[in-house]
Every structure is written in structure tokens, then in C-alpha cells.
1. For a quick protection proxy, order the peptides A:139-147, A:168-176 by their average other-Cβ count within 10 Å, most packed first.
2. Between A:GLU187 and A:TYR121, what length comes free when the chain is fully extended (0.36 nm per residue of separation minus the Cα-Cα distance, one decimal in nm)?
3. Can you list the lysines whose alpha carbon is less than 24 Å from that of A:LYS164, not counting same-chain residues fewer than 8 positions off?
4. List, shortest first and in nm to one decimal, how far the label point of A:SER203 (7 Å from Cα along Cα→Cβ) is from its counterparts in the other copies.
5. When each copy gets a label point 7 Å from Cα toward the beta-carbon at A:ASN138, what are the spacings between them in nm, shortest first?
6. Among B:VAL189, B:PRO166, B:VAL204, whose Cα projects farthest towards the positive end of the dipole of region B:145-223, with charges put on the beta-carbon of Lys, Arg (+1) and Asp, Glu (-1)?
7. B:ASN226: net charge of surrounding residues, Cβ under 10 Å, Lys/Arg +1, Asp/Glu -1, itself excluded?
8. Per residue of A:123-136, how many C-beta atoms from partner chains lie within 10 Å of its own C-beta, taken as a mean?
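Throughout, read-outs are computed from the coordinates displayed, never taken from laboratory work. Since this is a predicted model, take the numbers as computed values, not measurements. When we count neighbours, we look across all protein chains shown, and the Cβ atoms used for this are built from the backbone with ideal geometry, even at glycine.
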Protein chains: 2
Amino acid sequence: MLVRINANSTSAKPPVPRGLSALTGEAALWNDHKYSRGAQIFWEGEPAEYIYQIGDGAARTYKLLSDGRRQIAAFYLPGDIFGVETEELHRFSAEAIIDTTVWIAERHSMFEGPDNGDLAYTKSALELLQQTLQHVQNQLLLLGRQTALERVAYFLLEMDRRLKKPAVIILPMRRRDIADYLGLSLETVSRGLSALRDNGIISVESQRREVILTDRTKLAQIVCGNANH
Amino acid sequence: MLVRINANSTSAKPPVPRGLSALTGEAALWNDHKYSRGAQIFWEGEPAEYIYQIGDGAARTYKLLSDGRRQIAAFYLPGDIFGVETEELHRFSAEAIIDTTVWIAERHSMFEGPDNGDLAYTKSALELLQQTLQHVQNQLLLLGRQTALERVAYFLLEMDRRLKKPAVIILPMRRRDIADYLGLSLETVSRGLSALRDNGIISVESQRREVILTDRTKLAQIVCGNANH
DNA sequence: CGACTCCTTGACAGCGTTCAACAGTAGTGG
DNA sequence: CCACTACTGTTGAACGCTGTCAAGGAGTCG
């Protein structure tokens, strides 16, 4: 829960994040905050007063059931915007996965009046919403109809793409987070990674958060249900 | 695949659907089409040239995997609007579940130019998009983290709510559709319904598409993970 | 070094799927 | 009207994927 308002950033004055500027206007108030690992950023049901963009680090949004079952809706990586809602309340909780710097700007109310809205803003929000929708709709098929191995492969390819296909993928999240994202147990995630490793499709570094995709083609085939069994 | 353009509607000239009028303008061209049971309305990947509203009947949108696994994204009931996309292409396929009348209107391009857009339209689209997003986000938790019985109970309550809590729920879809919506096998759906029936929570009519919810409270408890086992 | 967290791996159980048989319903045509 | 067929849904039995429980290894940090 350590939240520190960072008046004098350690880095040089950063550029206003492009995504946020479109959503808030150039002159909007914004700040960068630092959240330590595991810190809550906002809660489901809380008024959605701000919108957020990851500077460094990573965040997760999730829902909980009363008995503790958790479904992670999305991971957010540097540059990603989150917390944008069309209603007044947040529909998910959000936490920092690791120590994370977040740019925070005041949220525009989206439906203020008949012609009080800002078209550019609404369009930005629409684009963002549409991105979110696409992502979630892909998750549907994944969670509803794909096997454990297919889900793990999908996850690796998604991270690979979103991190711009680096030589080594450095995962900010733990196995438990991956499991709650994919609707699996953490053991099954671990077994999936081991299976891919044993088949020479990926290579897991000793730190276990670093993964190298040695055969993206085979990985993609697995996602599409063409595991060669 | 029987599609008939219905120039002279059997019923009196129907009112322009409220949802569609906001999305197309009062003077927009529209028609009602009839789709027979199982008929394709549009395909995933097809240009999204129209938007649709159910008059009578029901429709399903879905994605397929190459090996035939299907995930149904949503069911559409009388009054529901579907097929609205923010991009140029449909992201799901759509079929009529039963013989269905659909109102069809031309789609506005959503991002035509810098200030060429229609704010009222964009707002309508935004609201619709937001509804869709909420629905899908609830599905995430359901598919990722809930048990078979919880999913079946959730489905019944969703249909109950959307059909305005009738005395008897008349389901337009088959067990297979419910299964593909909930990420289960059709046998498991059937067993879930039987279990609820045996516990006196629902009553299934002999036609098997008609269900009476005799204990909505218990049903809601099951959805939240409070099955008294 | 010791305590802690995170991850892997194994053994086993259970939930849900698969396979199969059967029953009820609807549609068709004689 | 009935026979025939196709389709849909239910139920049982066995299998198997994934979850649960448990032990141990590996890395981190005080």
C-alpha cells in the first residue's frame, strides 16, 4: 500500500504519454506515482476518477469471487493505458505486479451533457475501448475452449508480441498470475512451460522469469490446436 | 440459407427500433429480413456493412477453431442489437438460432475523418460497446474460474433477466449452444440442469426448452460459489 | 546462514469430457 | 393414422486432463 507522489522524478522530465494526452488534453494535470510490488492501484467498485498509463513496471486488473478465486482480466506493460471506464465506477481491481511507475491523469467524464462532450476524447476512448474489447473477446475462446498447453503457448506469444519480440522475454508476473489469467492452476502453468521446454520450443532461464522462444512457429501451431500429438 | 427481403411486412409497419434509430438517424434505410433456423447472418472476417436488431427469434455470435471447437460469444434476443463493429470487419460469425426476423440498417463508418464524425452516433456506439464489454468481462470470470454448476446457474439467471423474468423461460437455443456459450460439453449442461431440477431449484418442462425458476435466491447463491455441498 | 518466496515435480483425486445407449419429440410420407 | 427417420436431450460408465496436496529445490534478502 505504499504510494508515493513523486514530485521530482528521478529521470528527466518525461514526455507526456501520447495516449494520455489524447485522452486528457495537452494541458491536463498529470502526475507520476510509484507503486511498490503488490500495491493496490484501485479497487473494483471505486469511483473511476483517474486514468493510468504504465511508465516502468507492470500491473494486473482482476476480479475476485468471495471464496478467493481470482480471474485476471489483463496485464499492463510499459506504455499501456488502463483504468478507463465508460461508467462512473471501476469494474476491476488493479495492482502493481512489480515496483511500477504510473502516469495518472484526471479522467474526463464521458457523457457530460447533450453537446458537452469532446469528440476527440470520445473517439480516443472508443478506440481504447475497442482494443480492450478485442483482447477480451480473444480471451473468451481461450478460456472457454482451449487446452492448458494452448493457453500457455498463447500467453507466451502475447507477451512476446507486446514486448516487441525481444530476444529474451522477461516476465514481470509470477506463475500464479499467469494461472489466474489463463484460468489454470499455477502447477498446470508450470507443467505447460516444462512441456514446451522439453520439446525444445522455449528455453527457460534459471531465474524462471526469463523465457526465450526458440520456435515461434511451433508455438503458434499449438495455439491453433495443432499440437503434434 | 433462406434469406428473404421482406418488402411488405406481415405485421403493421413496425416502429423503427429505438436502438437502431440512434445509430443510423431517423431517415436511415432499413429493412427487415427473415432468417430460417440455422441460417448464417454474417461471417467472421466479412466487411461489417450493416448493423442488426432482433425482431422476433434469437441469434448467436461465435468463433470457431480449425478443429471445430466453438465458443459462442453472446446470444441475442428480441430487441438486442448486434453486429456493430469499430473496425471494418466482423470479429464473429452470426447465425439465427431459430426462425428469426432481423431489422437491418446500414452502418455508419465510425471514424470517417477529423470532424466528419457524428457525435450522437459515436456516443450510441460507445454505449453499446460498453455494454458488450461488460458482458464479455463477466464471461471471463465465468469461463476462467467457475464450476460447471455455477455456469449453468449463471446462464439461467442471465436468460431470466434478459427475458424480463417470465413465469416460464422459453429457451430458443439447444443444449449444445448453451454448452458452447459456457465452455462445457452438452452432457455437462444437461447434468447441471438435472442437478438443479433434482434439488427443486428449477423445473424443466417436458419440451426441455422451457424452464421455470422456482428458487432464484438459491440459484444466485450457486452462481456466487455458495453451493451448499 | 536461515527464513522466506517462488517454482518444479510427483502422486493422486476429482470434475468434466468422451463414448455409448436409450428415450422423447418432431417431421415426413405412405 | 402410423411407420420411419432424424434430431435432441438424458443418463450411465470409463477415461483423462487438470486441480489438489505434498515435498523439495532454487533464488533472494535480511
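1. Working: A:139-147: 22.4, A:168-176: 16.7.
Highest to lowest by the protection proxy: A:139-147, A:168-176.
2. Values: separation 66, 0.36 × 66 = 23.76 nm, distance 4.34 nm.
This chain segment gains 19.4 nm when fully extended.
3. A:LYS218
4. In nanometres, ordered from closest: 6.7.
5. Ordered by increasing distance: 2.5 nm.
6. In region B:145-223, that residue is B:PRO166.
7. Details: positive: B:LYS218; negative: A:ASP67, B:GLU150.
Local net charge: -1.
8. On the way: counts 7, 0, 4, 10, 3, 0, 7, 9, 1, 4, 9, 3, 1, 8.
That works out to 5 on average.
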